[in-house]
Amino acid sequence: MTQTTFKGRPAIPGSAEGSAEVSHIGFNTCATYVDVLISGSDSGVCQDHDNKDLYGHDLAGKIVCIPQTIGSSSAATLFMIIMEKNIQPKAMLFANHIDSLAACGILMGVNWLDKTIVTVDMLGDDFLDAVKTGDTVKVSEDGTIEIQAAS
Amino acid sequence: MSKNQLGGQIGTDPNFTQTTHTGHSKAGAKHTDAQPKMKLTPEEQDIYDGKKGDLLQKAMKTVVAYGELFGSEKLVDLGGAPHMAVSWGSDGVEPLLKIYKQLSDGGLKTYAPFTADPKPMDPVNLPVTDQEQAAVDKIYNRMDELADLNKKLGMRNQNDWSCACYLPEMGNTPKRGDYLSWSESSAINYVNSAIGARTNRNSMGIDMLSNIIGKAPLFGLLTDEGRQAVWLIEVKTTKLPHPEMIGSAIGMKVMEDVSYIVGMDRFKSDIDAGYLKDMGAATASNGAVGLYHMDGVTPEAIDKGRDLLNKGYQTYVIDDAELDNIYKSYPDLWDDPHGTPQRVFLGCPHMTVDQMTYWGKRIVDALEKAGKTKVAIPTFMFGSIYIKDAFEKQNPDVAKKLKGYGVAIPVNCPMMWCSTPVEMNERVATNSNKTRVYSKARFFFDDALTELIVTGKLPAGVA
């Protein structure tokens, strides 16, 4: 087993460990949770069928690794909804600078709903090259990411 | 996920662009870059420390944390008055309504009376079938709750739902240099560019909290450096470009970056508030543009000229062929791509009085020339109540004829109407790129729409 380490900015600091779910394209929050938005679903399964990496994967409690989020500004509200329903990822790791939609949604959830998604950004493109879905990822308070390859 | 297929998704920027959505690119940012902490004034620190109550403390902590994520070192006092994008009450915005209720129960209000985006439906001027209305009522089942909360939180009055809040008739017009914390991409774009006020592109939630504490984090489009252009747009068209086309082209190219547009001062006498509104809305819907400067036209460009261009800027040339390509790139998302249009929607963002007058006279003239006394297809011109009143006062004869010919003036949001699940499969023809981007509606130029209104059919070669 190999272990790789990356360092980013702890945007929403915290510790987390879990299984990685990796998207190499922008994470479309609304498309991912479209059933939560439209039909009030309690599922954290990704519904974005344009996202071949994550479609059909249950993201609840996972370490979601993405370039950044994209799509509708209602994404901020959706972060609040999935946090309230406790179907949010355990952590979200951004290769790029966090975008305002994710920043607003997650901060609102943290400060107003007493829920959290540990968030680290600016990990760089190399991070997404290194991490694979199914790897074990450990996130530390200081933004250090340790990746333990699944095989 | 394809564009416009979210089954009722409501909000802005469906183009899935990878931007910060603040109107200030952070491409290339590294975690090793300096991460400044906010320096608060004693008064702000007291709020932060909870000396003015738990709710204000939470609001302040959220705004400060948000600002620090984008490199802000201080807060600035807001001027003018707020504008909010949230205008639909549904279960989808439940957490937001919950937070609004906490703020309202705590007796908090925005620093000045605010306006809000138009509601999704107008049952009086744009009625639907009873069956559809029942379905719509289920979707927007919390409209009254939102309206009530808005009133308690400081909404100016119950007529103040319009995305073009900055028009004089609406009266929420900031002054140049005012710091704002607005949401609604087209309004942000207009007040930044055409007026020279300063607001970032704020998301739902952070807008209300900033406006409750009356302060916003200083970064991005609030700063002089954030308002510098990194793109030079050279317009070389043979005539005044259609605002929707040039806006669309710029948005697709620069995404969220600030641009400096040259070559438009040739047409200065034809560039009015309506033009800048529509062009800007297209830049903000096909991209995530919060600010552009237009040489010889917009206030900061008039004062500073090309000094607004950063060194190392990129150049994008727009000519007739480029705009033609943009138009041809628009997809036809109607279920029946060659089906006959069912409605004509004019005005998104909400029309100005001049635009309503232009379309009103155009429709009346075309119908009378054709010897018709009724429009051949349901036709709607969207504007705020204030714009509608001003138009009717200034053009009583045209307004009376329009009503008789079957043209209605709804006050709701055409884009949201088109993306509401029970209506989203209607074949809507529009003059708005924004409505096109956010729904399955198709964009057409004025001549084609006029023929459609008179005959019920699109001209040959256009359909």
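Readers should treat all values here as calculations from the given coordinates under stated rules, not as data from a laboratory. If you're wondering where the values come from, they're calculated on a predicted model, not measured in any experiment. Don't worry about glycine lacking a Cβ; one is built from the backbone with ideal geometry, like all the others, and counts go over all protein chains shown.
Relative to the longest principal Cα axis of chain A, at what angle does helix A:100-112 sit, 0 to 90 degrees, rounded to 10? Taking Cα atoms only, the helix is inclined about 80 degrees. When +1 charges are put on Lys and Arg Cβ atoms and -1 charges on Asp and Glu Cβ atoms, the dipole computed for the protein assembly as shown relative to its Cα centre reaches about 960 debye. For the stretch B:19-95, averaging the sequence separation of C-alpha pairs within contact (under 8 Å, six or more residues apart) and dividing by the residue count gives a relative contact order of 28 percent.
Let's test the formula: R0 of 45 Å, r as the Cβ-Cβ distance of B:E234 and A:T5. What FRET efficiency results, to the nearest 0.05? All intermediate terms of the calculation are to be shown ahead of the outcome.
Details: r = 47 Å, r/R0 = 1.04.
Given R0 = 45 Å and the Cβ-Cβ separation, E is 0.45.
Suppose only helical runs count, i.e. DSSP H with n ≥ 4. What mean residue ellipticity at 222 nm does that imply for chain B under -39500 (n - 2.57) per run, divided by all residues and rounded to the nearest 500 deg cm²/dmol? Let's see the in-between values first.
Working: 17 runs with 171 residues, N = 463.
That calculation yields -11000 deg cm²/dmol at 222 nm.
If you sort the three axes of the alpha carbon gyration tensor as a ≥ b ≥ c, you get a/c of 1.5 or more for the stretch A:61-111 and a/b no higher than b/c, which makes it oblate. Among the listed pairs B:K328/B:K434; B:K98/B:K434; B:K361/B:K388; B:K374/B:K434; B:K37/B:K58; A:K7/A:K90, those with a Cα-Cα distance over 20 Å are B:K98/B:K434; B:K374/B:K434. By the gyration tensor of its Cα atoms, with a ≥ b ≥ c the square roots of the eigenvalues, what is the shape of chain B: rounded for a/c under 1.5, prolate for a/b over b/c, or oblate? In terms of gyration-tensor shape, oblate.
For the stretch A:103-151, the relative contact order works out to 23 percent when only alpha carbon pairs closer than 8 Å and six or more residues apart are counted. Listed by chain and number, the aspartates and glutamates whose C-alpha is less than 20 Å from the C-alpha of B:K51, apart from same-chain residues fewer than 8 away, are B:E43, B:D77, B:D105. A straight Cα-to-Cα reach below 22 Å connects B:K311 with the lysines B:K26, B:K30, B:K253, residues fewer than 8 places away in its own chain not being considered. Sorted ascending by nearby beta carbons within 10 Å, beginning with the fewest, B:D295, B:D130, B:D117 become B:D130, B:D295, B:D117.
In whole percent, what relative contact order does chain A give with Cα contacts below 8 Å and a gap of six or more residues? Spell out each step's value before the answer.
Details: 373 pairs, mean separation 54.9, N = 151.
Dividing the mean separation by the residue count of chain A yields 36 percent.
Fewest-first ordering of A:V22, B:V258 by other beta carbons within 10 Å of each residue's beta carbon gives A:V22, B:V258.
Could you list A:K62, B:K175 so that the one with the fewest beta carbons within 10 Å of its beta carbon is first and the one with the most is last?
Values: A:K62 23, B:K175 11.
The most exposed by this proxy come first: B:K175, A:K62.
Summarising the amide proton neighbourhood of A:D121: residues at separation of 5 or more, or on other chains, whose placed amide H is nearer than 5 Å comprise A:R9, A:A11, A:F94.
What is the distance in Å between the Cα centroid of the stretch B:211-264 and that of the stretch B:174-203? Using only Cα atoms to place each centre, the spacing works out to 12 Å.
With a/c under 1.5 counting as rounded, go ahead and sort the stretch B:343-455 into rounded, prolate or oblate using the C-alpha gyration tensor (a ≥ b ≥ c being the square roots of the eigenvalues; past the cut-off, prolate if a/b is larger than b/c, else oblate). Let's see the in-between values first.
Details: a/c = 1.94, a/b = 1.31, b/c = 1.48.
Oblate, because a/c is 1.5 or more while a/b does not exceed b/c.
Of the beta bridges DSSP finds with both residues in the protein assembly as shown, what % are antiparallel, to the nearest 5? Before the final figure, lay out each step's value.
Working: 20 of 61 bridges.
Bridges in the protein assembly as shown are about 35 percent antiparallel.
Just to be sure I understand: if I project the alpha-carbon convex hull of the stretch B:37-222 onto a plane and average over all orientations, what area do I get in nm²? Provide the component values of the computation, followed by the final result.
Working: hull surface 42.8 nm².
Answer in nm², one decimal: 10.7.
Gap in Å between the Cα centre of the stretch B:118-142 and the Cα centre of the stretch A:30-92? The stretch A:30-92 and the stretch B:118-142 have Cα centres separated by 28 Å.
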